[in-house]
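Down below is the structure, laid out as structure tokens.
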Amino acid sequence: MFSVHDCQLVDLPIVHDKAGNITVLENNNNIPFNIKRVYYLFDVPMGSERGGHAHYELQQYVVAASGSFTFILDDGKEKKEVFLNHPNKALHIKPGIWREMKDFSSGSVCLVLASMLYTEDDYIRDYQNFIKYRNYEIQ
Ligand code: TYD
């Protein structure tokens, strides 16, 4: 089982140019899992809170492709807030971590690279079930 400390911000490479920068993410090169799915959140209304779930197996790289937002990670024992505000940083979320998202700036885009195709079977959406899964006592 992973802890919130295993979920780190990773520096992504930048190809700098006066006319604009490029960041490239390549399977089996600078991503530590096979990318099976890419999705992005956009048009998130100010004040929205999202997430509120964990995954059994899924790993993700989360990038603030535009704007900023905050992820709150929770391993059942400890919580950690991670502010994402630059496209050259990815947050690596390991399996078994509860996450919530908040403070989306206007026009922000949350890009996610995921290690699995979408399946609802991989979600834990009930916090008490998550705590049981992590083998912790419900407080
Ligand atoms: P969810 O993962 O709960 O969103 P968030 O964590 O950003 O709050 O997904 C919200 C809805 O979108 C849910 O009904 C399932 C659907 N969805 C898909 O159909 N495919 C996907 O790849 C994702 C990420 C979500």
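Taking every lysine pair in the chain that is 8 or more places apart or spans two chains, those with Cα atoms closer than 21 Å amount to 17. Annotation: amide H-H contacts under 5 Å for Gly67 (H modelled 1.01 Å from N, sequence separation of 5 or more, or interchain): Val109. Label-to-label distance, Lys132 versus Tyr40, with points set 7 angstrom from Cα along the beta-carbon direction: 3.9 nm. How would region 86-125 be classified by its alpha-carbon gyration tensor: rounded, prolate or oblate, with rounded meaning a/c under 1.5 and the a/b versus b/c comparison settling the rest? Here region 86-125 falls in the prolate category.
Stokes-Einstein diffusion for the chain at 25 °C, viscosity 0.890 mPa s, with a Kirkwood radius from C-alpha pairs, works out to 156 µm²/s.
Phi angles of region 69-76 translate, via the Karplus equation with coefficients 6.51, -1.76, 1.60 and θ = phi - 60°, into HN-Hα couplings of 6, 10, 9, 10, 9, 8, 9, x Hz per residue; Gly and Pro are given as x. Taking amide H positions as modeled 1.01 Å from N, with prolines and chain starts lacking one, the residues under 5 Å from Ile124 and 5 or more places away or on another chain are Ala54, His55, Tyr56. Cβ-Cβ distance of Ala19 and Lys102, R₀ of 41 Å, FRET efficiency by 1/(1 + (r/R0)^6): the value works out to about 0.75.
Residues within the reach of a label modelled at Glu49 (point 7 angstrom out along Cα to beta-carbon, backbone nitrogen below 19 Å), restricted to region 110-135, are 124-131.
Computed from the coordinates by the stated procedures, all read-outs in this text should not be read as laboratory data. Since this is a predicted model, take the numbers as computed values, not measurements. Glycine also receives a Cβ, built like all others from the backbone with ideal geometry; neighbour counts cover every protein chain displayed.
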